[in-house]
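No lab work stands behind these numbers, since they all come straight from the coordinates. If you're wondering where the values come from, they're calculated on a predicted model, not measured in any experiment. Cβ sites come from the backbone with ideal geometry, for glycine too, and all protein chains shown count toward neighbours.
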Amino acid sequence: MAQGDVPLEDRIIAILPNLNRYAYSLCRRHDVAEDLVQLAALRALESRASYDGATRIEPWMFRILRNAWIDMTRRTRTRGTELELSDAPEQVGSDGSRVTEARLMLDATERALATLPEEQREVLVLVCYEEMSYAETAEILGIPRGTVMSRLSRARVALAERLGIN
């Protein structure tokens, strides 16, 4: 079955894990990320007429999700600070030193990623985690392709410095 023949709902469901990862990278809270993905899916279904079924769905959905995040952030500024009550660190696996080292490195990377400027973090997540092309990333963020490339370069250097990698 060709990509354009798959119903929109099924295409959205297929990329939910990717949307969840991107949403979490934006807001850093699982509950907010889940709400954000639901909102993006709802908006996509409501505006299905604007989607070209012959193209990849990821850039379209990621842009909807990012716009929903911007809207949510603007609303949150007027409400004030909210605290996550269920914030508890995950336990390190007990499969040996390699698992522990990998978990520690992942935690360090996530902390370092969180310190990057938002523009760099967004580009890094879309290109490196979500495997979007530079053109798709530029479309999602509404910036030129060259800007994607320069932000990505700066983000990689900054992340390596924060992790002590030469």
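Reported value for the chain: 155 Å³ per residue, from the convex hull of its C-alpha atoms. Distance between the modelled labels on Leu16 and Ile143, one decimal in nanometres: 3.1 nm (7 Å Cα→Cβ projection). Using θ = phi - 60° in the Karplus curve 6.51 cos²θ - 1.76 cosθ + 1.60, the 3J(HN,Hα) couplings for the stretch 135-152 round to 5, 5, 4, 4, 5, 4, 8, x, 10, x, 4, x, 5, 4, 5, 6, 5, 5 Hz; x is entered for Gly and Pro. Mean residue ellipticity at 222 nm, helices only, the chain: -22000 deg cm²/dmol; runs of at least 4 DSSP H residues each add -39,500 (n - 2.57), and the sum is divided by the number of residues. Evaluate E = 1/(1 + (r/R0)^6) for Glu119 and Arg75, where r is the Cβ-Cβ distance and R0 equals 22 Å; express this FRET efficiency to the nearest 0.05. Calculated transfer efficiency: 0.55. For the stretch 1-81, the Kirkwood estimate of hydrodynamic radius, built from reciprocal distances between every pair of different alpha carbons, is 13.2 Å. For the stretch 4-80 and the stretch 113-147, what is the separation of their Cα centres, given in Å? Cα centres, the stretch 4-80 to the stretch 113-147: 16 Å.
Okay, which of the stretch 124-140 sit inside 13 Å, backbone N to the point 7 Å along the Cα-Cβ direction of Asn67? In the stretch 124-140, the label zone of Asn67 (backbone N under 13 Å from the point 7 Å along Cα→Cβ) covers 140.
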